[in-house]
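What follows is a single structure, written as structure tokens, with notes after it.
What follows is calculated from the coordinates using simple rules that are stated; it is not laboratory data. Bear in mind that the values here come from a model prediction, so they are computed numbers and not experimental data. Here the Cβ positions follow ideal geometry from the backbone for every residue, glycine too, while neighbour counts run over all protein chains shown.
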Amino acid sequence: MSTQIIEILCAEELRRMVNRLASQVIEQSGDLSQLVLVGIYTRGVSLAKLLARQIEVLEQVVVPVGALDITFYRDDLDQIELRTPAKTEISFDLSGKTVVLVDDVIHKGRTIRAALNAVTEYGRPHAIRLLVLVDRGHRDVPIHPDFIGRPLSTASEEQVRVYLQEVDGRDAVELIREA
């Protein structure tokens with residue numbers, strides 16, 4: 001069995017997408033002093049940092065960025081790959097804030113469901129929004145992102161891999177098919 005790798009986004013397209021998403025967050029968030037970005041480990045954290053830098057460039061506002069590990073909030077631990085949990089780093093109270101949860105790919109929605117549960121440990125936000133780079137569909141739970149970089153129709157057995165410079169040494173999005 002061979003593997004087919006299809007590039008969905010190159011580095012330049014990914015950069016433009018981050019710029020567009022940052023602009024959409026600015027437009028829809030209102031008071032930027034109440035905005036915080038919370039990235040979901042691993043690539044959601046790097047993506048949240050990229051978005052915060054772009055928001056600062058566009059609006060001269062520093063947006064706090066947190067990092068969220070949702071491992072122990074998942075309801076499917078027996079079905080996912082074992083990994084060492086990362087350290088959640090949210091050094092600010094989320095109460096009254098507009099929280100934008102940031103993740104690289106949404107598929108079944110279980111990661112986001114777990115993230116919603118985890119966020120409540122850090123305060124009661126005014127609103128929670130969801131930003132994803134790629135929405136590949138196939139939800140098990142009724143969750144829909146507010147900000148989507150790219151909707152991508154996929155088969156269940158396909159994989160979407162996001163590569164970010166900070167984590168992987170390059171920027172790209174690829175679709176992986178077993179041929």
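Suppose every Lys and Arg Cβ carries +1 and every Asp and Glu Cβ carries -1, with no other charges. What dipole size does segment 1-75 come out with about its Cα centre, to the nearest 20 debye?
160
Report, in debye and to the nearest 20, how large the dipole of the chain comes out about its Cα centre when Lys and Arg carry +1 and Asp and Glu carry -1 on their Cβ. Provide the component values of the computation, followed by the final result.
Numbers: 21 positive and 27 negative charges, 38 e Å.
Result for the chain is approximately 180 debye, rounded to the nearest 20.
Two decimals is fine: what is log10 I(q)/I(0) at q = 0.09, 0.14, 0.20 Å⁻¹ for segment 55-179, from a Debye sum with one equal scatterer on every Cα and no solvent?
Treating every Cα as an identical point scatterer, log10 I(q)/I(0) equals -0.29, -0.72, -1.44.
Over the chain, what relative contact order in percent results from Cα pairs under 8 Å that are six or more residues apart?
Taking the mean separation of contacting Cα pairs over the length of the chain, I get 27 percent.
Which of the lysines could a cross-linker span from Lys49 if the Cα-Cα distance has to be under 17 Å and same-chain partners fewer than 8 positions apart are dropped?
Lys87
Have a look at the DSSP beta bridges in the chain and tell me what percent are antiparallel, nearest 5.
For the chain, the DSSP antiparallel bridge percentage is about 35.
Neighbour counts of other C-beta atoms within 10 Å: give me Tyr163, Tyr122 arranged from fewest to most.
Exposure proxy ranking, most exposed first: Tyr163, Tyr122.
Could you tell me which trypsin sites (Lys or Arg not before Pro) in segment 82-140 are loop residues by DSSP with no more than 10 other beta carbons within 10 angstrom of their beta carbon?
Details: sites: Arg83, Lys87, Lys97, Lys108, Arg110, Arg113, Arg129, Arg136, Arg139; in loops: Arg83, Lys87, Lys97, Lys108, Arg136, Arg139.
Taking segment 82-140 and a limit of 10 other Cβ atoms within 10 Å, the loop trypsin sites (Lys or Arg not before Pro) found are Arg83, Lys87.
Hand me the GluC sites (Glu not before Pro) from segment 88-179 located in a DSSP loop with no more than 13 other Cβ atoms within 10 Å, in residue order please.
For GluC sites (Glu not before Pro) across segment 88-179 that sit outside H, G, I, E and B with at most 13 neighbouring Cβ atoms in 10 Å, the list reads Glu157.
Taking only DSSP H segments of four or more residues, each worth -39500 (n - 2.57), what value at 222 nm results for the chain once the sum is divided by all its residues, to the nearest 500 deg cm²/dmol?
Roughly -9000 deg cm²/dmol at 222 nm, from the helical runs in the chain.
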